[in-house]
1. Cross-chain or 8 or more residues apart, Cα under 26 Å: how many lysine pairs in the chain fit that? Count them up, please.
2. Pairing the Cα long axis of helix 47-66 with the longest principal axis of the chain, what angle in degrees results, from 0 to 90 and rounded to the nearest 10?
3. Considering only protein heavy atoms, what per residue accessible area in square angstrom results for the stretch 42-149 with a 1.4 angstrom probe?
4. Let me know the charge dipole size of the stretch 34-161 about its Cα centre in debye, to the nearest 20, where only the beta-carbon of Lys, Arg (+1) and Asp, Glu (-1) is charged.
5. So how much slack lies between residue 74 and residue 49, counting 0.36 nm per residue of separation and subtracting their Cα-Cα distance, in nm?
6. Under the definition of Cα pairs under 8 Å and six or more residues apart, what whole-number percent is the relative contact order of the chain?
7. With each pseudo-label sitting 7 Å past Cα toward Cβ, what's the residue 103-residue 123 distance in nm, one decimal?
8. So, with a 1.4 angstrom probe, what is the percent of accessible area on the chain that is carbon and sulfur?
Amino acid sequence: MQNFLLKRKKTHRKKKKKKVYGWPLTAALLAFFILVFSVMWALLISGPSRLHEEKQAQTIRVIEENVQGIQGIEENIFEYITYQGYTTDTLYWFDQTGQVITERSMDTLDYNKARQMALDTYQMEAESVELAFGYTSPVYEIKSRDRLLMLDYDTFEKVYER
């Protein structure tokens with residue numbers, strides 16, 4: 001009989017209730033997710049952008065040291081990254097390291113002729129005409145509402161059209 005009572009006591013033990021964490025666990029996991037997402041954003045999105053901005057600023061510093069009085073320095077990306085700027089009498093194009101690729105006299109600049117060539121030869125009404133660097137030489141970059149045309153700076157021959 002004693003044996004029976006021992007068995008009975010064992011079978012009637014109260015089962016321990018499992019602890020449920022509920023909303024505190026959910027809130028902690030959400031906070032962890034936000035933290036991980038923020039770190040990934042900082043590393044993968046803003047990191048490369050900041051690196052690019054630093055390289056760009058360094059190149060501009062080199063250009064300003066090499067060419068006294070340069071103005072209007074702009075980055076241009078076509079075949080590769082180039083920079084351009086001007087002084088009172090000269091137009092300059094630079095590579096990624098800030099070294100001069102080529103230069104032209106300001107007297108050779110002719111936006112009106114580039115506009116006229118785009119209209120006459122390619123039936124393209126230019127909304128803007130800017131300077132850029134094509135595959136191997138400076139170009140006029142002519143944009144309309146739906147087209148892009150690049151004409152060689154010296155010969156006004158088509159370099160690229162899209």
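The values are calculated or read from the model by the stated rules, or taken from the named source; none is laboratory data. Since the structure is predicted, the reported quantities are computational estimates derived from the model, not experimental observations. Don't worry about glycine lacking a Cβ; one is built from the backbone with ideal geometry, like all the others, and counts go over all protein chains shown. Accessible surface areas use protein heavy atoms only, side chains included; no ligands, DNA or RNA. Shrake-Rupley method; radii C 1.70, N 1.55, O 1.52, S 1.80 Å.
1. The number of close lysine pairs in the chain is 12.
2. Tilt of helix 47-66: around 30 degrees.
3. 61 Å²
4. On the way: 10 positive and 22 negative charges, 82 e Å.
With Lys and Arg at +1 and Asp and Glu at -1, about 400 debye.
5. Details: separation 25, 0.36 × 25 = 9.00 nm, distance 1.71 nm.
Gain in length upon complete extension: 7.3 nm.
6. Working: 186 pairs, mean separation 16.3, N = 162.
Relative contact order here is 10 percent.
7. My value for the distance between the label points is 4.3 nm.
8. 56 percent
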